[in-house]
1. So, in region 34-85, of the ones that are surrounded by fewer than 17 Cβ atoms within 10 Å (Cβ to Cβ) and of a type in the set (D, E, K, R), which residue ends up modelled with the lowest pLDDT?
2. For region 248-257, state whether one or more residues are touching a Gly at 6+ places or on another chain (Cβ under 8 Å) and assigned to a loop (DSSP other than H, G, I, E, B).
3. Quick one: in region 150-193, which of the residues that are outside any helix (DSSP H, G or I) and small (Gly, Ala, Ser) is farthest from Gly28 (Cα to Cα)?
4. Are any of the residues in region 179-194 hydrophobic (A, V, I, L, M, F, W, C), surrounded by fewer than 16 Cβ atoms within 10 Å (Cβ to Cβ) and in contact with a strand residue (DSSP E or B) (Cβ under 8 Å, 6 or more places away or on another chain)?
5. Looking at Arg255 and the list (1) modelled with pLDDT of 90 or more; (2) more than 22 Å from the chain's Cα centre (by Cα), which single condition is not satisfied?
6. Look through Ala162, Ala166, Ala175, Ala157 and report the one residue that is hydrophobic (A, V, I, L, M, F, W, C), without any contact (Cβ under 8 Å) to a residue 40 or more places away in the chain and closer than 30 Å to Pro223 by Cβ.
7. Any idea which of (1) surrounded by fewer than 23 Cβ atoms within 10 Å (Cβ to Cβ); (2) under 11 Å from Asn17 (Cα atoms); (3) of a type in the set (Ser, Thr, Tyr) is the one Ser211 doesn't satisfy?
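The values are calculated or read from the model by the stated rules, or taken from the named source; none is laboratory data. In this text the structure is predicted, and so the values were computed from the model without any measurement. Cβ placement follows ideal geometry from the backbone for every residue including glycine, while neighbour counts extend to all protein chains displayed.
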Amino acid sequence: MRLILLTSITMIAFAANSLLNRMAVESGAIDTSSFAVIRVLSGAIMLCLIVTVQRRGLPVMVPRRLMGAFSLVAYMVGFSLAYATLEAGLGALILFGTVQVAMFGWSAWRGERPLPQHIMGAGIAFGGLMLVLWPREGVSADIIGALLMVGAGLGWAAYTLAGKGARDPLSETAANFVVALPILLVFLVGAGLVVSPIGAGLAILSGAVTSGLGYALWYHILPQLKGQTAAVVQLSVPIIAILAGALLLDEAITRDTVLAATLVLGGIALSVSSPTPQADRK
């Protein structure tokens, strides 16, 4: 029961990032660049505090750190900019679908021989994304915002792949946040910066709590979850974001959104619940 509760809290925290970003940026309480920077700054402070209390190291000066930092920046920038026009639930769906399809494509390119279930699942999920992204009359998704979220998803997929095999994921995440911060500061150069107390508060909440503490809790419970369970349980994040967006932000749940969510999440569920494909040893 305790594991179920902690897992549920973690998934809610991840979904809350979409809601907080959309709420802050769409209301004009903060600009997209400032939100991203404050989120990373507060996340870095929280993660470094946790690492310090637990007496872990902070592996900043390692060769793979720049890859982790730049992919984190790509995710943060795309994520924040996209929510200037995208609804919270739709953005979470595009992000999640892009990450999973990109990681599937990377594995196949690296020589893994996908099983028919993996190919079918990835194809169904990709079809769901195309339903959201394909320009046509009556579609509510802003194409620029959707493409920015696709970029964020590719950044997060690269971030995940760069962190594979990490001995201490929490410490490496903290180090990535620290190194990403000066890179992100570039986006504060220029006019049009808006930071109200409410906007800054929402960004801090997103960085310190739903990102920093959320990641810390996830890495705490992850060893207790089976691999497929950990993958499947994350399917709840876009669903939580869609429902919470409708409840808290008055976002409409359209027929296209329901159909796209069914295709994307159903396809991913089919893929991740199938046996692990074998690597091509030729």
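1. For region 34-85, the residue satisfying everything is Arg64.
2. The answer is yes, given that some residue of region 248-257 is touching a Gly at 6+ places or on another chain (Cβ under 8 Å) and assigned to a loop (DSSP other than H, G, I, E, B).
3. Gly165
4. Step one: filter region 179-194 for residues hydrophobic (A, V, I, L, M, F, W, C), giving 179-181, 183-189, 191, 193-194.
Next, only the ones that are surrounded by fewer than 16 Cβ atoms within 10 Å (Cβ to Cβ) stay: 185-186, 188-189, 191, 193-194.
From what's left, in contact with a strand residue (DSSP E or B) (Cβ under 8 Å, 6 or more places away or on another chain): 194.
Yes: region 179-194 contains one or more residues that are hydrophobic (A, V, I, L, M, F, W, C), surrounded by fewer than 16 Cβ atoms within 10 Å (Cβ to Cβ) and in contact with a strand residue (DSSP E or B) (Cβ under 8 Å, 6 or more places away or on another chain).
5. Of everything listed in (1) modelled with pLDDT of 90 or more; (2) more than 22 Å from the chain's Cα centre (by Cα), Arg255 misses just condition (1).
6. Of the residues listed, the single one that is hydrophobic (A, V, I, L, M, F, W, C), without any contact (Cβ under 8 Å) to a residue 40 or more places away in the chain and closer than 30 Å to Pro223 by Cβ is Ala166.
7. Against the list (1) surrounded by fewer than 23 Cβ atoms within 10 Å (Cβ to Cβ); (2) under 11 Å from Asn17 (Cα atoms); (3) of a type in the set (Ser, Thr, Tyr), Ser211 comes up short only on (1).
Yes/no matrix, rows are residues, columns are (1) out of contact with any Asp or Glu (no Cβ under 9 Å at 6 or more places or on another chain); (2) modelled with pLDDT under 85; (3) of a type in the set (A, V, I, L, M, F, W, C):
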site	(1), (2), (3)
Glu87	no, no, no
Leu93	yes, no, yes
Gln100	yes, yes, no
His118	no, yes, no
Phe126	yes, yes, yes
